[in-house]
Amino acid sequence: MVPKLRFKEFCGEWEEKKVENLCKIHTGKSNTQDKVEDGIYPFFVRSPIIERSNKYLYDCEAVLTVGDGVGTGKVYHYINGKFDCHQRVYVMRNFKDINGKYFYYYFSNNFYKRVQKMSARNSVDSVRMDMISKMNIALPSLSEQTKIADFLSTVDDKIKNQQDKITHLENIKKGFMQKIFSRKIRFKDDGGEEFPEWEEKKLGDIANIYDGTHQTPNYVSSGIPFVSVENIKDLYKTKKYIELEAFKREFKIYPQKNDILMTRIGDIGTPCIVKKNDKIAYYVSLALIKINKNNKVISNFLLQYIKNSEFQRELWKRTLHIAFPKKINKSEISKCLIYLPCLKEQQKIADFLSSFDEKISTEKEILEHLKRLKKGLLQQMFV
């Protein structure tokens, strides 16, 4: 009963107590329809998203977790103040012999393992009161609990600040995109002269649109990478592969360097640029956009244009929302309008917006590092 990582001023073994001996456990009384837009108080429902309400059920320090649904064992909240709570959300409060924030970190780090274990044994798809009340919590002294909770709170603050920094950069980029693609902001050439007016085109006039295989392939342990919607953020992180012969048989047209892949089924309009000439196989849920060689279009400019809100709205209008999952056909993608500046202005726009992408990507790497650091600390600081 001693953790791997410990503050040097503490020693001795920890003890265990059941949750029912450390706090009171309740469920809320409110329903989803009690949600009020811009309400006064936080309203905790069966989701990571915190809604708002104009009434409160509790005014205290509390730890909350959802009682059923997809968030079972995965959604946790800590609060100290007034809040409303859904009837299928568990509330742990009136802490005794335990620091409330310490309880939050220990419980949120360990309860899901208990849910998985008990679900596998009893086919449980929701949380019962005794799953919480009979859970053991490892406890050091109150002073050590406080030190651990304060330290982890500092890490959480760094994570939140880093996420806020990313959101701020993304909002700045979004603002520039709206002004650039509505042509409220125009770039000039190196001599200060204005560039020519933009030309209106249909996407199908400057590029050919394809989709991938409609058949679920036979996957193998290695070979040609096979990508789908879930790989759109990083094509080369896929863990699915097909044989070379299957690739040659199914793919006469395939993604190559500077082509653009864009989601078209389920998720609509998320694009990425192909950065390598390595062979890639892709599923029907992605549209392959190949710029015609006789058209003067820079791939990175087109990538940014697809991301802009005006183009996304046109994709959305052309999407079949009655289909499940929703989808947009290749022919409709081809009809989407695009406004093209000259090559030099395209390059300036692409470079300017890509510089934001690079900065955001760097900040996201820092965020992921902080999250991995926290995960490692949680594993080592608790028994």
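The values are calculated or read from the model by the stated rules, or taken from the named source; none is laboratory data. Every value quoted in this text rests on a predicted model; they were computed, and no experiment measured them. Note: ideal-geometry Cβ built from the backbone for every residue, glycine included; neighbour counts use all protein chains shown. Side chains are part of the model used for accessible areas, which takes the heavy atoms of the whole protein and leaves out ligands, DNA and RNA. Shrake-Rupley method; radii C 1.70, N 1.55, O 1.52, S 1.80 Å.
Brief remarks on what is shown
- Of the set (1) at pLDDT 95 or above; (2) touching a strand residue (DSSP E or B) at 6+ places or on another chain (Cβ under 7 Å); (3) open to solvent by 50 Å² or more (accessible area, probe 1.4 Å), all apply to Pro325 but (1).
- Selection of segment 172-204 for residues being open to solvent by less than 90 Å² (accessible area, probe 1.4 Å) and either within 17 Å of Cys336 (Cα to Cα) or assigned to a helix (DSSP H, G or I) (or both) yields Ile172, Lys173, Gly175, Phe176, Met177, Ile180, Phe181, Ser182, Trp198, Lys201, Leu203, Gly204.
- Candidate set from segment 227-238 (those that are touching a Ser or Thr at 6+ places or on another chain (Cβ under 9 Å) and either open to solvent by 80 Å² or more (accessible area, probe 1.4 Å) or in a loop (DSSP other than H, G, I, E, B) (or both)); member that is nearest to His214 (Cα to Cα): Ser228
- Residues of segment 285-298 classified as open to solvent by 10 Å² or more (accessible area, probe 1.4 Å) and in a strand (DSSP E or B), total: 2
- Looking only at segment 240-256, and only at residues there that are at pLDDT below 95 and basic (Lys, Arg), the one that is least open to solvent (accessible area, probe 1.4 Å): Lys248
- Segment 61-84, residues that are farther than 19 Å from Tyr106 by Cβ, more than 20 Å from the chain's Cα centre (by Cα) and surrounded by fewer than 18 Cβ atoms within 10 Å (Cβ to Cβ): Asp68, Gly81, Lys82
- Of Gly100, Gly81, all but one fail to be at positive phi and modelled with pLDDT of 95 or more; the exception is Gly81.
- The residues in segment 271-284 that are open to solvent by less than 10 Å² (accessible area, probe 1.4 Å) and either outside any loop (DSSP other than H, G, I, E, B) or touching a residue at least 60 places away in the same chain (Cβ under 8 Å) (or both) can be counted, and the count is 2.
- Residue count, segment 239-264 (criterion: among the β-branched types (Val, Ile, Thr) and outside any strand (DSSP E or B)): 1
- Verdict on Asp164 being at pLDDT below 95, out of contact with any Ser or Thr (no Cβ under 7 Å at 6 or more places or on another chain) and either assigned to a loop (DSSP other than H, G, I, E, B) or open to solvent by 40 Å² or more (accessible area, probe 1.4 Å) (or both): no
- Any hit, segment 27-37, residues being open to solvent by 30 Å² or more (accessible area, probe 1.4 Å), under 27 Å from Asp150 (Cα atoms) and either touching a residue at least 12 places away in the same chain (Cβ under 8 Å) or small (Gly, Ala, Ser) (or both): no
- Filter pass, Asp267 being part of a loop (DSSP other than H, G, I, E, B) and closer than 16 Å to Tyr236 by Cα: no
- Test: residue in segment 122-132 that is modelled with pLDDT of 95 or more and either of a type outside the set (Ser, Thr, Tyr) or on the phi < 0 side of the Ramachandran plot (or both): yes
- Residue in segment 127-134 that is open to solvent by 50 Å² or more (accessible area, probe 1.4 Å), touching a strand residue (DSSP E or B) at 6+ places or on another chain (Cβ under 9 Å) and in contact (Cβ under 8 Å) with a residue 60 or more places away in the chain present: yes
- Some residue of segment 352-368 being closer than 30 Å to Tyr104 by Cα and of a type in the set (A, V, I, L, M, F, W, C): yes
- Filtering segment 6-26 to residues that are farther than 19 Å from Phe111 by Cα and open to solvent by 70 Å² or more (accessible area, probe 1.4 Å) leaves Lys8, Glu9, Cys11, Glu13.
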